[in-house]
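Written below as structure tokens is the structure these notes are about.
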2 protein chains.
Amino acid sequence: MKVIVNISLKEGVLDPEGQAIKTSLSNLGFENLNDVRTGKQIILNFVNLEENEAVLEAKKMCEDLLVNSVIEKYKINILRN
Amino acid sequence: MKVIVNISLKEGVLDPEGQAIKTSLSNLGFENLNDVRTGKQIILNFVNLEENEAVLEAKKMCEDLLVNSVIEKYKINILRN
């Protein structure tokens, strides 16, 4: 079963990558952008775990390794298909 | 209006970052993982555009700049909240 972790910078934390993308897009003529933010996506493919166990395990992974909670926030979603 | 672009590596393309994450998690005792894949998320905040216009604009941005279509695929979602 697949669990998707979306990690993004907290509000108020500067996002230089997003700023660079915005500038590049603007140079290409895309003028309708107010703001661009970036984030990471990690897709965890679990074996032998029920849905709720997988979510708990993913949460622990975020807290132990994947997320820098000083500047980042995360959201966990289950991928069903 | 916010549009989320999720960019990930195509199936079959090696994902060294995902492999590194899997190894690190495994070293921390997380043993229930079959596979880890990574991706990027870009949140585009549009002004003065309707929903369908924003999606079209985002698609053009992906093709012109954001996505390397040789090795990456993308998905566009509208963020409603």
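In segment B:59-68 there is no residue matching the filter, namely being β-branched (V, I, T), in contact (Cβ under 8 Å) with a residue 60 or more places away in the chain and farther than 24 Å from B:D15 by Cβ. Would segment B:51-65 turn up any residue that is more than 9 Å from every other protein chain (Cβ to nearest Cβ), of a type outside the set (D, E, K, R) and touching a helix residue (DSSP H, G or I) at 6+ places or on another chain (Cβ under 9 Å)? Yes: segment B:51-65 contains one or more residues that are more than 9 Å from every other protein chain (Cβ to nearest Cβ), of a type outside the set (D, E, K, R) and touching a helix residue (DSSP H, G or I) at 6+ places or on another chain (Cβ under 9 Å). Per the conditions (1) without any contact (Cβ under 8 Å) to a residue 12 or more places away in the chain; (2) facing another protein chain (nearest Cβ under 9 Å), the sole criterion not satisfied by B:S26 is (2). Which ones in segment A:59-81 are open to solvent by less than 60 Å² (accessible area, probe 1.4 Å) and either acidic (D, E) or touching a Phe, Trp or Tyr at 6+ places or on another chain (Cβ under 8 Å) (or both)? A:M61, A:C62, A:L66, A:V67, A:E72, listed by residue number. Across segment B:36-50, the qualifying residues are those that are modelled with pLDDT under 95, facing chain A (nearest Cβ under 7 Å) and open to solvent by 50 Å² or more (accessible area, probe 1.4 Å), and the one among them that is farthest from the chain's Cα centre (by Cα) is B:N48.
The values are calculated or read from the model by the stated rules, or taken from the named source; none is laboratory data. The model shown is predicted, which means the values in this text are computed figures rather than measured ones. Glycine also receives a Cβ, built like all others from the backbone with ideal geometry; neighbour counts cover every protein chain displayed. These accessible areas exclude ligands, DNA and RNA; they are computed on the full protein's heavy atoms, side chains included. Shrake-Rupley method; radii C 1.70, N 1.55, O 1.52, S 1.80 Å.
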